[in-house]
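Visitor: Have a look at the structure that comes next, please.
Each reported figure results from applying straightforward, stated rules to the coordinates on display, with no laboratory input. This one's a predicted model, so the numbers in the text were calculated from it and none came from an experiment. Heads up, the Cβs are rebuilt from the backbone with ideal geometry, glycines too, and the neighbour counts pull from every protein chain shown.
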Amino acid sequence: MNKIFERALYPYRRSADQDAAAPVRHPVIVVGAGPVGLAAAIDLAQRDVPVVVLDDNDKVSSGSRAICFAKRTLEILDRLGCGDTAVETGVTWNLGKVFFDERQVFDFNLLPEDGHKRPAFINLQQYYLEQFMVERAHELTAAGKPLELRGRNRVIGVTPHADHVALDIETPDGRYALEADWLIACDGAGSPVRSMMGLDFTGKVFEDNFLIADVKMQADFPTERWFWFDPPFNRGQSALLHKQPDDVWRIDLQLGRDIDREREKQPERVIARIREMLGDDVAFELDWVSIYTFQCRRMERFRHGRVVFAGDAAHQVSPFGARGANSGLQDTDNLCWKLAAVLSGSAPESLIDSYDTERVQAADENILNSTRSTEFITPKSEISRIFRDAVLDLAEAHPFARPLVNSGRLSVPCAYDGGPLNGADAPGLPARTRPGAPAADAPLGNGWLMDALDGGFQLLGIDADIPQGVAHDDVAVSTLQLSAADNPALRKRYLGEAERAIYLIRPDQHVAARWRSHDAQAVGAAIDHALGK
């Protein structure tokens, strides 16, 4: 078993704030040092926004937990400085297979086209990702960036005010108080911050129980996502198999509703279930075991004055589709550039309301897909089961039925259609890169388009003339002149049948606006609009 989660990677150290005569105020405090909180802190620090992270632990999380990280998340990790390490360590996959009973009914490819730097997914234990992000945070701190990671600092009180948030914190040396201009709550599904503020979720709770077993074994299964409906080793239920680094395999087994959870977690029962799945001749050992139920719920609003919620603290979905951690990192990707703009005076405070609008839209999209997956995987009536099984039977021979099979619609980023920051849209350009949608990667010589997007506002001229440098008020806008000649991926994704186009890309790499030719006044208006002015 990997022991990384037994080491204190951000051990407790007494802070000068604990000896201050009055509570010290920081521009941003993040509560929670999981992947979402660390992503927020790294993003803000790279934008030179001072940030303090408070966590009641001093180690990465135990057990694999989240393991599937999607292409968009990897692109975000690239910008945060730890994408290469994650991909090099993780197990890359694009392919999946779906089985009904013992029959394979179809397979799929989540990234069938070429011309992308990153794969559809990698599988990587959450503790590895947290380790890489903690190391990146330490690297930024050592380089003089304003990031402080405080372990064993447990938040026990939150008091919102009109222009700040007051915090009470418990440490091994006793209690102290802090203030924050802005507080980002990334403290997980059980969010103490949410509870202390008297807030809750709305949505649906599912009663089915699932067993997670991370199993260490040598196996010749391909690096693919395998999902079974009604397999012979788990009759009437479902099963899932994924490969992780270190010869660890994730096995999910549906157990049903009325079970004795403690009994089902006993090693002898877990081993018996896995042996029935793998056969008597496969040697394995248990690495981590858990039983979970899940919810498809969210907070009504993600912003409450100067307190902003992100990740599982704001919304929860089923694990089918890998929408939890991936959507959490997309939350911070949306939030942090806006918070930096507000703190620098480049944007009004009301810009943060667009975080709530856009990420609530994304959460609703994830919850809808997650709920549909769950209802297909765990039918609640006999007629629903008959329908599902008929779809699976048809899918084996008839392609029209395959889109109806739902073993978990896998995570894709939300396009903020109708979003409050979307600007002009020139007709005739590809829908894929419309305003509100995430930018699509494409090869650029020896590099990649997503790597060329620098985390600020950026103007792309594709076979269209743009100025070498653009400035609007106090907002810097970098420019990138591109040619679609001999670049079919760039042409397909950004031009379609058009001869030229100009794109304004937001700092979170979503499209803000696009035109057929450059107009300085129109670009300036689009930047103002994207900043909520």
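Visitor: Fully extended, how many nm does the chain gain between D454 and D519 (0.36 nm per residue separation, minus their Cα-Cα distance)?
Guide: 21.2 nm is the gain from fully extending D454 to D519.
Visitor: Please report how far the C-alpha centroid of segment 1-75 lies from that of segment 192-265, rounded to the nearest whole angstrom.
Guide: 27 Å
Visitor: Here's a follow-up. If you stretched the chain out fully between R154 and D528, how much longer would it get, using 0.36 nm times the residue separation minus the C-alpha to C-alpha distance?
Guide: Residue separation times 0.36 nm, minus the Cα-Cα distance, leaves 130.7 nm.
Visitor: Based on DSSP H assignment, which helices of the chain show an axial Cα extent of at least 27 Å together with a mean Kyte-Doolittle hydropathy greater than or equal to 0.0?
Guide: Those that pass (Cα extent of 27 Å or more, hydropathy at least 0.0) are 324-344.
Visitor: Right, something else. Give the residues of segment 189-224 whose amide nitrogen is closer than 20 Å to a point set 7 Å from the Cα of E170 in the direction of its Cβ.
Guide: Within reach of a label on E170, which here means backbone N under 20 Å from a point 7 Å along Cα→Cβ, segment 189-224 contributes 189-199.
Visitor: Another question, then. By its C-alpha gyration tensor, with a ≥ b ≥ c as the square roots of the eigenvalues, how is segment 97-156 shaped: rounded for a/c under 1.5, else prolate for a/b larger than b/c, else oblate?
Guide: Here segment 97-156 falls in the oblate category.
Visitor: Moving to a separate point now. Please report the antiparallel percentage of the DSSP beta bridges confined to segment 34-152, to the nearest 5.
Guide: In segment 34-152, approximately 75 percent of DSSP beta bridges are antiparallel ones.
Visitor: 7 Å from Cα along Cα→Cβ at both D353 and E6: what's the point-to-point distance in nm?
Guide: In this crude label model, D353 to E6 measures out at 5.3 nm.
Visitor: If you take every residue apart from D247 with its C-beta less than 15 Å away from the C-beta of D247, what net charge results, scoring Lys and Arg +1 and Asp and Glu -1?
Guide: -2
Visitor: Something else about it: What percent antiparallel are the DSSP beta bridges of the chain, to the nearest 5?
Guide: Bridges in the chain are about 70 percent antiparallel.
Visitor: How many nm is it between the label spots at F387 and D465, if each spot is 7 Å from the Cα in line with the beta carbon?
Guide: Going from the F387 label point to the D465 one covers 5.9 nm.
Visitor: Hey, another quick one. Which whole-number percent gives the relative contact order of segment 273-347, counting Cα pairs below 8 Å spaced six or more residues apart?
Guide: 21 percent
Visitor: Using just the helices of the chain, give the 222 nm mean residue ellipticity in deg cm²/dmol: DSSP H runs with n ≥ 4 each add -39,500 (n - 2.57), and the total is spread over all residues, rounded to 500.
Guide: Per the formula, -8500 deg cm²/dmol.
Visitor: Of all DSSP beta bridges located in segment 431-530, what percent are antiparallel, nearest 5?
Guide: 70 percent
Visitor: Can I ask one more? For the residues R372, R493, R13, R263, what sequence is obtained by ranking on other C-beta atoms within 10 Å, fewest first?
Guide: So the ranking, lowest neighbour count to highest, is R263, R13, R372, R493.
Visitor: Also: Can you tell me which lysines have their Cα less than 20 Å from the Cα of K71? Leave out same-chain residues fewer than eight positions away.
Guide: Counting by Cα, and skipping residues close in sequence, K71 has these lysines nearby: K97, K117, K243, K492.
Visitor: Under 20 Å between alpha carbons, and skipping anything fewer than 8 positions from K380 in its own chain: which aspartates and glutamates qualify?
Guide: D101, E207, D208, D230, D252, D258, D389, D393
Visitor: Further, regarding this structure: How would the chain be classified by its alpha-carbon gyration tensor: rounded, prolate or oblate, with rounded meaning a/c under 1.5 and the a/b versus b/c comparison settling the rest?
Guide: Oblate.
Visitor: Could you put V30, V523 in order, starting from the residue whose Cβ has the fewest other Cβ atoms within 10 Å?
Guide: The fewest-first ordering by Cβ neighbours comes to V523, V30.
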